[in-house]
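Enquirer: Just passing along the structure, written as structure tokens.
The values are calculated or read from the model by the stated rules, or taken from the named source; none is laboratory data. This one's a predicted model, so the numbers in the text were calculated from it and none came from an experiment. Virtual Cβ from ideal backbone geometry, glycine too; neighbours counted across all protein chains shown.
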Amino acid sequence: MKVLFIGGSGIISSACSALAVERGIDLYLLNRGQTTNRRIPGAVKTLIGDIRDRAAVAGVLESHTFDVVVDWIAYTPEHIATDLALFRGRVGQYIFISSASVYQKPPARLPITEETPLDNPFWDYSRDKIACERALLAAYREVGFPVTIVRPSHTYDRTLLPLHGGYTVIDRMRRGKPILIHGDGTSLWTLTHHRDFARGFLGLLGETRAIGEDYHITSDEWLTWNEIARLLGHAAGVEPVIAHVPSETVARFDTRWGDSLLGDKSHCAMFDNSKIKSIVPDFVATIPFARGAREIVSWYDSYPDKRRVDDGFDALLDRIIAAQTAVGPA
């Protein structure tokens, strides 16, 4: 199977690239050839090009057709228009990486299934992903474009802390400074290790039953945000001091962070994975976040140059927490 990943070295896609090569897939990556924290397997064939430059990429791809194309970095309908122009009639299956944040917020019922309405009035990122899905499904209905839609939820690797602020959060924990958790920290959330995601995802490549369908792929482990913070703290060797702050308060200080909370993380996210398991029956997520947290902290502890403290974000947290302390508990 000849497969093209547009991207392929990111947090989610890197695990999929590694597993694809392990399974004998003839994998090509189209990217700008920039450096990454993640190793690209030696068997991968790299095509250098910027997908945002349609004319240049058309030249890079002109001699190729693919069984599967996966676009990991399409975010707007304009990006989808480029892909339709490049790959219509030249691909057996096109997989769009959407986002589980497209599902109704707040959800009317849990767990979330693929039948949950797509409606996120809080976050432009999610609304753009919804628009992408609609454009692709229109192309499927009207001209038979062979699309499959995949919706990851919060998927991480050893380089990605699930709390906003990156390593600065671990640094604050170790200095005994409070970290910020939105709301009262009791909403349930799903974190998925990228190697677990890859096992479900690879089963969709070349699967004709998946064309015209949509799937989310997540862990079945549900944790509160308080538990997520404590697991990270324990991996770092400390008991974290947690300050609870309403998401609306965060949004007043930092709009982008607030949008991601109000449009996603402040709501419970629990998923029914029956649909992906029906087509990839051996898929099961096996890496709990307790193990993932240890991987994350170990990676940062192993690479001093990655332990960067963002002084601006550190000061922002101090301001937000001080403001909340002045008005009382969240």
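Enquirer: Test each condition in (1) in contact with a Phe, Trp or Tyr (Cβ under 9 Å, 6 or more places away or on another chain); (2) surrounded by fewer than 23 Cβ atoms within 10 Å (Cβ to Cβ); (3) under 20 Å from SER298 (Cα atoms); (4) hydrophobic (A, V, I, L, M, F, W, C) for LEU188 and report the one that comes out false.
Expert: Result: LEU188 passes all but (3).
Enquirer: Restricting to segment 97-136, and then to whatever is without any contact (Cβ under 8 Å) to a residue 24 or more places away in the chain and among the aliphatic types (A, V, I, L, M), can you tell me which residue is surrounded by the most Cβ atoms within 10 Å (Cβ to Cβ)?
Expert: Checking each candidate, the answer is LEU118.
Enquirer: State yes or no: is LEU29 touching a strand residue (DSSP E or B) at 6+ places or on another chain (Cβ under 9 Å), surrounded by 15 or more Cβ atoms within 10 Å (Cβ to Cβ), farther than 22 Å from PRO152 by Cβ and of a type in the set (A, V, I, L, M)? Spell out how you get there, then give the answer.
Expert: On the way: touching a strand residue (DSSP E or B) at 6+ places or on another chain (Cβ under 9 Å): yes; surrounded by 15 or more Cβ atoms within 10 Å (Cβ to Cβ): yes; farther than 22 Å from PRO152 by Cβ: no; of a type in the set (A, V, I, L, M): yes.
Considered against the rule, which asks whether it is touching a strand residue (DSSP E or B) at 6+ places or on another chain (Cβ under 9 Å), surrounded by 15 or more Cβ atoms within 10 Å (Cβ to Cβ), farther than 22 Å from PRO152 by Cβ and of a type in the set (A, V, I, L, M), LEU29 comes out as no.
Enquirer: For segment 264-281, name all the residues that are surrounded by fewer than 22 Cβ atoms within 10 Å (Cβ to Cβ), of a type in the set (A, V, I, L, M) and within 17 Å of GLY203 (Cβ to Cβ).
Expert: Across segment 264-281, the qualifying residues are ILE279, VAL280.
Enquirer: Same structure, new question: Counting residues that are free of Cβ contacts under 8 Å to residues at least 40 places away in the same chain and closer than 26 Å to VAL143 by Cβ, which helices (runs of 4 or more DSSP H) fully inside segment 4-93 reach at least 2? Full working, then the answer.
Expert: Numbers: elements: 11-22, 54-61, 77-87.
The qualifying helices (runs of 4 or more DSSP H) are 54-61, 77-87.
Enquirer: I'd like the full set of residues that are within 24 Å of the chain's Cα centre (by Cα), in a helix (DSSP H, G or I) and polar (S, T, N, Q), limited to segment 223-260.
Expert: Selection gives ASN226, SER247, THR255, SER260.
Enquirer: Let me ask another. Given the structure, is ASN273 under 14 Å from SER153 (Cβ atoms) and out of contact with any helix residue (DSSP H, G or I) (no Cβ under 7 Å at 6 or more places or on another chain)? Write out each step before concluding.
Expert: On the way: under 14 Å from SER153 (Cβ atoms): yes; out of contact with any helix residue (DSSP H, G or I) (no Cβ under 7 Å at 6 or more places or on another chain): yes.
So ASN273 fits the description; yes.
Enquirer: Turning to a different aspect of this structure: Condition check: part of a helix (DSSP H, G or I) and at pLDDT 95 or above. Does GLY206 satisfy that?
Expert: On the way: part of a helix (DSSP H, G or I): no; at pLDDT 95 or above: yes.
The answer is no for GLY206.
Enquirer: Can you say whether ILE228 is closer than 14 Å to ALA293 by Cα, β-branched (Val, Ile, Thr) and buried (at least 17 other Cβ atoms within 10 Å of the Cβ), as far as the supplied structure shows?
Expert: Numbers: closer than 14 Å to ALA293 by Cα: yes; β-branched (Val, Ile, Thr): yes; buried (at least 17 other Cβ atoms within 10 Å of the Cβ): yes.
For ILE228, the condition - closer than 14 Å to ALA293 by Cα, β-branched (Val, Ile, Thr) and buried (at least 17 other Cβ atoms within 10 Å of the Cβ) - is met.
Enquirer: Just wondering, is there one or more residues in segment 164-173 that are of a type in the set (Phe, Trp, Tyr), buried (at least 23 other Cβ atoms within 10 Å of the Cβ), in contact (Cβ under 8 Å) with a residue 12 or more places away in the chain and more than 16 Å from SER266 (Cα to Cα)? Walk me through it before giving the result.
Expert: The initial filter retains those residues of segment 164-173 that are of a type in the set (Phe, Trp, Tyr), namely 167.
In the following step, the residues that additionally are buried (at least 23 other Cβ atoms within 10 Å of the Cβ) were identified as none.
No: zero hits.
Enquirer: In segment 104-128, which residues are in contact with a helix residue (DSSP H, G or I) (Cβ under 6 Å, 6 or more places away or on another chain) and more than 13 Å from GLY263 (Cα to Cα)?
Expert: Once the filter is applied, which keeps residues that are in contact with a helix residue (DSSP H, G or I) (Cβ under 6 Å, 6 or more places away or on another chain) and more than 13 Å from GLY263 (Cα to Cα), segment 104-128 yields only GLU114.
Enquirer: Looking at (1) within 22 Å of ALA108 (Cβ to Cβ); (2) assigned to a loop (DSSP other than H, G, I, E, B); (3) free of Cβ contacts under 8 Å to residues at least 60 places away in the same chain; (4) not hydroxyl-bearing (Ser, Thr, Tyr), which is the one condition that is false for ASP220?
Expert: So the condition that ASP220 fails would be (3).
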